[in-house]
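Undergrad: Input: one structure, supplied below.
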Amino acid sequence: MRATSFIHPLLALVLSPLMLGVINRTKAWFAGRCGQPVLQAYYDLSKLLRKGAVYSRTTTWVFRAGPIVGLAAVLEATALVPLGGEPAPLAFTGDLILLAYVLGLMRFFTVAAALDTGSSFEGMGASREVTFSALAEPALLLGLAAVARLTGSLSLSGMYAAMSLETWRQAGPVLALVTAALMVVLLAENARLPVDDPNTHLELTMIHEVMVLDHSGPDLAFILYGAALKLWVLAALLVGLLLPVRTGNAWLDVGAALGGMFAVAVAVGVVESSMARLRLLRVPQLLVGAGALVALALILTLR
Amino acid sequence: MTVLLVAVAVLVCSGLAALLASGSPRAATALGAGGAVVACVIGLIAAVPFLFGTPAESLRLAWNVPYGTFFVEVDALSAFFLLPIFGLSALAAVYGTEYLQAWRGRKSPGATWFFYNFLVASMVLVVLARNGVLFLVAWETMALTSYFLVTLDHEQDSVREAGWTYLVASHLGTAFLLAMFVLLGRSSGSLDFDRYSSANASALFLLALVGFGTKAGFMPLHVWLPEAHPAAPSHVSALMSGVMIKMGIYGLLRTLTFLGPPPAWWGWVLIGVGLTSGVLGVLFALAQHDLKRLLAYHSVENIGIIALGLGVGLVGVSNGSPVLAVLGFGGGLLHVLNHALFKGLLFLGAGSVLHGAGTREIDHLGGLAKRMPWTAATFLVGAVAISGLPPLNGFVSEFLIYLGAFNGVTQRAGVAVPLLAAIAGLALIGGLAAACFTKAFGVVFLGEPRSEHAARAHEAGAAMRWPMALLAVGCALIGFCAPFVVRSLASVLPLVSGLAPETVGEKLADAVAPLRFVIAGSVAFLVLVAGLAWARRRLLRGRTMAETVTWDCGYAQPSARMQYTASSFAQPLTTLFAPLLRTRCKLTAPEGYFPRAASLSTETPDAARVALYEPAFSGVGWVLARMRWLQQGRIQLYVLYIALTLLVLLVWKLG
Amino acid sequence: MTPDIILILVVLTNLRLLGASRIGASVRTVAVQGILLGLLALLAHHGESSSSVWLVAVGGAVLKGVVFPWLLFRALRSAEVEREVEPFVGPIASLLAGVAALGVSLWLAQRLPLPEGAHSSVLVAVALFSILVGLFLIVARKKAISQVLGFLVMENGIYTFGVGLVRESPLLVELGVMLDVFVAVFVMGIALFHISREFDHIDTHELTTLKD
C-alpha cells in the first residue's frame, strides 16, 4: 500500500457529487437551459445534513440502518477501485468479486429499507431494482473476467495497471465490447436513462428514486452521497479501461483519469438527452444484450 | 474413535429412554433432548482434533451379516461432516423442546425424540461407516427416521402425500446406491471401503451421482425436497436441510476417494448439475408463497453452488491444476458448513414465525420485526449470509469458488468455457438469491401486518431464540475468521483431491492471503457503519424528528392491503423466466360498470414433478393396472401362483 | 486487424437482429450488414484489387445495402404490415440462443478442415454463425418479411464463406448467387404483397389454415 493509493479515494470522496452536477449541466446545455449550478449536489447535501428527519410509523430500525449500511458499503467499494494506474488501498487477488458483492450488500439494505415503509410504490421500485441488478451482475463479473484474461491479473489494481495503449492495439475489439457492456451496467446500476429516469415525477415509472421516497434529512443525504459514490466507482472502472494513460508521473496519470471521469459524466448526460427511457419490459433485453456483448468478448479472448 | 461411538450410544440410549418415558411428556423431552445435547457435545469434542492433524482412527469388528463388517473410521473428511451434524443437531434439539410444545396433548414427544435421536445417530454412522452394508443400513435408518419425523402431522393429507413422495424418492436413490455397492463389491471381492478398486469408474460415478444426488437434491432429483421440508416440524426441517442432504455430498466425495483420478468430463457434469440446480432452485424459490417451501428450494440452490465448487475442483484435478482443485473443493466444502449454519438458522426462524403467527403464507405476514425482534434480527443475518454477501460466511465460500474459476479462466484456455459458465451462473444465482431474500425478509418482517395472524404474532421463548442467536453468531464468526477456518481444510482436501498435503498447504496459503484483505475490508466496513451511525445520531440530536404515516404519494390513508406483496415483488422476475417456471395463474378480472369480487391466484408447481415424474409414474401405474386381472382376491388362486412359481423355478434350476 | 473488426461488427448486427422487436430496425440492420460485407470483401483482398473484386464488393454492398432494403420497405408499405416482429421465441431467449450459436460455430470452425489459403477460423465461424442466425430467424419468426430477412442473412453467411475461402473470388459464382437472391427477394416481395391482399396480413402462421 502506497501513500499515492489514497489519492483516488480522497478524490472520490470530494469530487463524486460533482459528477452529478456535470451530468445535469450537460443535459441543461442540450435542452438549451442554463440549468442548476454545477455544485448543486453539494448544496443539496449540506442542506439535508442540517435538517431534521421524518419517519413513518410503520418503519423499524431496518429503515434507519439502510442508508448507513449502504453508504458504508459503497465507501468500502471506493477503496477497492484504482484510478490512473495507482493501486487501490485495498488491492488483492479477487477484489473484483468483493466489489460486485459489496455493491450487492448496498442494494440489499436499500431494498430492505424501502420494503420497511410498507408503501406500494417503494415496493415496486425495490422489485425492479432487484430484477435489473440480478441481470446486470453476470454482465459485470464476466466483463471483468474478460479483462482479467487479457491482462492475466485477478486484482482490479493489477488489471488496470497492466492496461496500456498496447493492450488496445492487441485486443481492441474485446476491450471495446467490454466497455460498451460496462457502460450499460453503469447506466442500469446507477438508475440513469435509458433504464430509469432520475428526473421523472411519476412514481409509477421510477426505480431508484421511488425506493428512497420516505427518507429525509441526514438519511437522504447519506443516500444521495452513496449514489454519487456508486456512480464514481463504476465510472472509474470504465475510465481505467478507456484511458490507460501512463506517463510515469502519478499526478499526471490521475489528472488524465479525472478528465476521463468527467468525460464519462458528459457521456451519461448526452445519453440522457438523446434517448427516451425504455419500456420496463425492454430493460431486461438491454441487460441481456450487454451480457451477449461480454460473451462475444470472452469468445474472442478464448480463441 | 471410542468417544464418538460413546456419543452414538448415548444418542441411541436416550432415544430409547425417551420412547419408554412416553407417558410423561416432560420426562421424555428431558431425556430425548438432553441426551441429544450431551451426545453432540461429546461428539464435537471428539471430532474436532481429527481436523487438526490427529491421524485417522478405525475400528473393525466382526458382524453376523453377509459381507458386512462393523468397520468404522474417522478421518478428516468424516470429522469435517461431523461438525455440522453435532453442532446443528444440538441447537435444533434445544429449539425443539419449546417448538414441540405446540403438539402437546396430541402427539407423544417420546416417539418424536426417539426418531430425532436415531436420525442424528444414523447420520453419524453414515459418516463413520467404512463397509458397504453398514453404510446402507445407516443410510436406510436415516431415511426412515426422517420419514417418521416428516409425517408427524400425518392426519393431514398434504403431509402424508409429502412423506410418501419422500419415501419413494429416497428408496429410488438407495436402489442406485445398492447397484453401486454391488458393482464395487464384485470388482474387489469385499464391501469394506479400504479394499475398493476403481474398475469402470465412470459407471460408478454416474450411479453415485444419481444415488447420492437424490439425497442431496440435485435438479431434477430434488422433487421430494420442497414437499418434505415444509411438512416436517421446523427444527427437523433445519436438521434435514442443514445436514441430512449434505450426507449426499459426503457420499459423493467419499466415492470419489475410491474412484481414482477423475476424467475431465466428471467436472463438467458436476458444473452442469450445479448450474441447473442453482439457477432453477433459486428461480422456483422466487415463485413460492410458502416460507418453508421457499427455503427448501434454496437448499436446492445451495446444493447447486456446492456442486459447482466440487465441479471446479474436479476440473482442476483432471487438468493437473492444484490451485483450481484446492479452491474449488475448498469452496464447496466450506459451503457445506456455511449452508448448515445459515439454512439451519433460516428454518428455525421460519419455525419461529409459524409458531408465533400461525401461518407460513408469506403474503399473509408482514410487520413481524416489531413483534418478533429477535427472530427478525437473526433471520436478517441468515438472509444476508445466504445471499452470499460480505461480511458473513456465505461470501467466503462463494469467494473461494469464484477465485478458483477466475484463476482457471486467466491461466488455461482448455478449461475456460465451463469455468466461465460457473462464473456467470454464480453471479446470476447471487443476484437472484438477493432478490429472493429481500422478498422473504421484507415481506414477512417489514411493513404492516397483512392479516390478523401477523398482527397478533408473538416472539418465541428463550429456548427457541438462543439457538437462532448462536447460529447467527456462527455465520458472523466464519465470516470474520475465514483464514483460520479455511486453513482447517488442509487435512480434508488431500483426501478428496488426491493431492499431496504439501501442495494443498501451499495453495491454501495462497487462498488465505486475499481472505485477510476481505476481512480487513469487512472490519473497515463495520467501523464505517458504527461511525456513520454515530454521525447520524450527532446530526439529529436536538432536531425535530417527526413520526407520521408512510408517504404514499399524496394518498392520505395507506392501508396494509395496499402494500406490495411477495407475489408482486417477484412478478418481474417470474414473468421474465416464465418459460422455465410455468406458473399457473387464475384470474377473475373485475368486469362491468359495478365490478364485484375479483381475484388472482398464482401457483408454481415443480416443473420436474409435473413434466417428468407424474407422466412416468402414471405410465407405470397404467402398465400395472393392466396386470390387475392377476388379482382375483381368491386365496386358492394365490396358492396356485405360488405353486406355479416354485415349479417354474425348479424346472429352470434343474433343466 | 481491420477485417476482424468488421467480422465482429457483423456478429453484432446478427445479435441485433435476434434482439430486434421492430421490422424497420431489422431491415436496416440487414442493410448495414450488407454494406459491412462489401467492405469485408474489399479488405480481405486488399493485396490484389482487381476490378472483379471491386465489382463484387461494391455491387454486393449496393444491392444488399440499398436496393433490397428499399424493395422491402416498399413491400412493407404497400402491404401495410404492422411494425412488430411477432416472434415465436422472445428476444431474450433469441439473444441467448444467439450466444450459444456463436460458441458452437466457433467450435465447429476450429475443427473444420480448411483448404489452403483460407483466411481465419474467425471468418469461417462468423459465416457459420450468420447461416445459423438466418435459419433461426426463418424458423422462429412469424411474419413472411422476417423470413425474407432470415434468407438474406443466410446468404450473407454464404457470401462470407466465399470471401474467406477463395483467393480470387470467382466472379461468376458470386454474381450467380446474388442474382438468385435478387430473384428470390423479388418473388417474395410479390408473394408478400399478394398474401397480404388475400388475407389482410402476412402472418405465415395463418397459412396453415389453407390445408384441409
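The values are calculated or read from the model by the stated rules, or taken from the named source; none is laboratory data. What you see is a predicted model, and the numbers here were worked out from it, not measured in a lab. Reconstructed Cβ throughout: ideal geometry from the backbone, glycine too, with neighbour counts over all protein chains shown. Ligands, DNA and RNA are stripped out before the accessible areas are found, and what is left, the full protein with its side chains, is counted by its heavy atoms. Shrake-Rupley method; radii C 1.70, N 1.55, O 1.52, S 1.80 Å.
Undergrad: Would you kindly compute the Cα radius of gyration of chain A and its largest Cα-Cα separation (Dmax), both in Å?
TA: For chain A, the Cα radius of gyration and maximum Cα-Cα distance read 18.8, 59 Å.
Undergrad: Label-point separation (nm) for residue B:650 and residue A:266, each offset 7 Å from Cα along Cα-to-Cβ?
TA: Simple spin-label model gives 10.3 nm for this pair.
Undergrad: Something else: Among the helices of chain A (complete DSSP H runs), which have Cα atoms covering no less than 20 Å along the helix axis and a Kyte-Doolittle mean of at least 1.0?
TA: Helix filter hits for chain A: A:7-31, A:61-78, A:95-116, A:165-189, A:217-242, A:250-274, A:283-302.
Undergrad: While we're looking at this one, here's another question. If you look at just the Cα atoms of region B:521-581, how large are its Rg and its Dmax in Å?
TA: 19.8, 56
Undergrad: For a test of the definition: using alpha carbon positions, the gyration tensor, and the 1.5 limit on a/c, classify region A:33-144 as rounded, prolate or oblate.
TA: Because a/c hits 1.5 or more and a/b fails to exceed b/c, region A:33-144 counts as oblate.
Undergrad: Right, next: Would you list A:6, B:441 from the most to the least accessible area, probe 1.4 Å?
TA: A:6, B:441
Undergrad: Here's another thing I want to ask about it. Considering only DSSP beta bridges where both residues belong to the protein assembly as shown, give the percentage that are antiparallel (nearest 5).
TA: Roughly 85 percent of the beta bridges in the protein assembly as shown run antiparallel, per DSSP.
Undergrad: Then there's this: Taking square-rooted eigenvalues a ≥ b ≥ c of the alpha carbon gyration tensor, is region A:261-303 rounded, prolate or oblate, where a/c under 1.5 means rounded and, failing that, a/b exceeding b/c means prolate?
TA: Judged from the Cα gyration tensor, region A:261-303 comes out oblate (a/c at least 1.5, b/c at or above a/b).
Undergrad: Follow-up question, since we're still on this one. Take peptide B:524-536, look around each residue's Cβ out to 10 angstrom, count Cβ atoms belonging to other protein chains, and average those counts.
TA: The shielding value for this peptide is 5.
Undergrad: Let me have the 222 nm mean residue ellipticity of chain B computed from DSSP H runs of 4+ only, each contributing -39500 (n - 2.57), with the sum over all residues rounded to the nearest 500.
TA: After summing the helix terms and dividing by the residues of chain B, the value is -23500 deg cm²/dmol.
Undergrad: According to the Cα gyration tensor, what semi-axes, each the square root of 5 times an eigenvalue, does the equivalent ellipsoid of the protein assembly as shown have, listed from largest to smallest in whole Å?
TA: 51, 39, 32
Undergrad: Using a 7 Å offset from Cα along Cα-Cβ at residue A:279, what residues in region B:564-598 end up with backbone N under 20 Å from the label point?
TA: Residues passing the 20 Å test: B:571-579.
Undergrad: In bins 10 Å wide, starting from 0, what share of all Cα pairs of region A:128-227 does each bin hold, as a percent?
TA: That works out to 14, 35, 26, 19, 6, 0, in percent per bin.
Undergrad: Please give every one of the lysines within straight-line cross-link reach of residue B:215, meaning a C-alpha to C-alpha distance under 25 Å, and leave out same-chain neighbours fewer than 8 residues apart.
TA: The qualifying lysines are B:246, B:292, B:343.
Undergrad: What average number of partner chain Cβ atoms lie no more than 10 Å from the Cβ of the residues making up A:219-225?
TA: Neighbouring Cβ atoms belonging to other protein chains average 1 per residue here.
Undergrad: What does region B:379-456 give for Rg and for Dmax, in Å, if only its C-alpha atoms count?
TA: 17.4, 60
Undergrad: Hey, another quick one. For the pair residue B:60/residue B:545, report the inter-label distance in nm, with labels modelled 7 Å from Cα in the Cβ direction.
TA: Between residue B:60 and residue B:545, the label points sit 7.0 nm apart.
Undergrad: Where in region B:299-323 is the amide nitrogen less than 14 Å from a point lying 7 Å along the Cα-to-Cβ axis of residue B:500?
TA: B:322
Undergrad: Per residue in region A:152-176, which ones lose no less than 50 Å² of accessible surface when going from chain alone to all protein chains (1.4 Å probe)?
TA: Those are A:154, A:173, which lose 50 Å² or more relative to the chain on its own.
Undergrad: Please give the per residue volume of the convex hull enclosing the alpha carbon atoms of chain B, rounded to a whole number of Å³.
TA: About 212 Å³ per residue, rounded to a whole number.
Undergrad: Sum -39500 (n - 2.57) across every DSSP H segment of at least 4 residues in chain A, then divide by the residue count to get the 222 nm mean residue ellipticity, nearest 500.
TA: -24000 deg cm²/dmol
Undergrad: In nm, to one decimal, how far is the modelled label at residue B:481 from the one at residue B:158, with both set 7 Å along Cα→Cβ?
TA: Label at residue B:481, label at residue B:158, 4.0 nm between them.
Undergrad: Still on this structure, please answer the following. How much accessible surface does residue A:42 have with a 1.4 Å probe, in Å² rounded to 10?
TA: Here the accessible area works out near 70 Å².
Undergrad: Taking every pair of alpha-carbon atoms in region B:130-242, give the share separated by more than 19 Å as a whole percent.
TA: 48 percent
Undergrad: Indicate the gyration tensor shape class of region B:475-567 (rounded, prolate or oblate), computed on the Cα atoms with a ≥ b ≥ c the square roots of the eigenvalues: a/c under 1.5 is rounded; otherwise a/b larger than b/c is prolate and the rest oblate.
TA: oblate
Undergrad: If you don't mind, another one. Averaging the inverse of every distinct alpha carbon separation and then flipping it gives the Kirkwood radius. What is it for region B:609-654, in angstrom units?
TA: Kirkwood hydrodynamic radius for region B:609-654: 13.1 Å.
Undergrad: Show me the ranking of peptides A:255-266, B:532-543, B:34-45, B:72-83 by mean Cβ neighbours inside 10 Å, starting with the highest.
TA: Peptide ranking by packing, descending: B:72-83, B:34-45, A:255-266, B:532-543.
Undergrad: Can you give the relative contact order of chain B as a percent, counting alpha carbon pairs under 8 Å and 6+ residues apart?
TA: Relative contact order of chain B: 12 percent.
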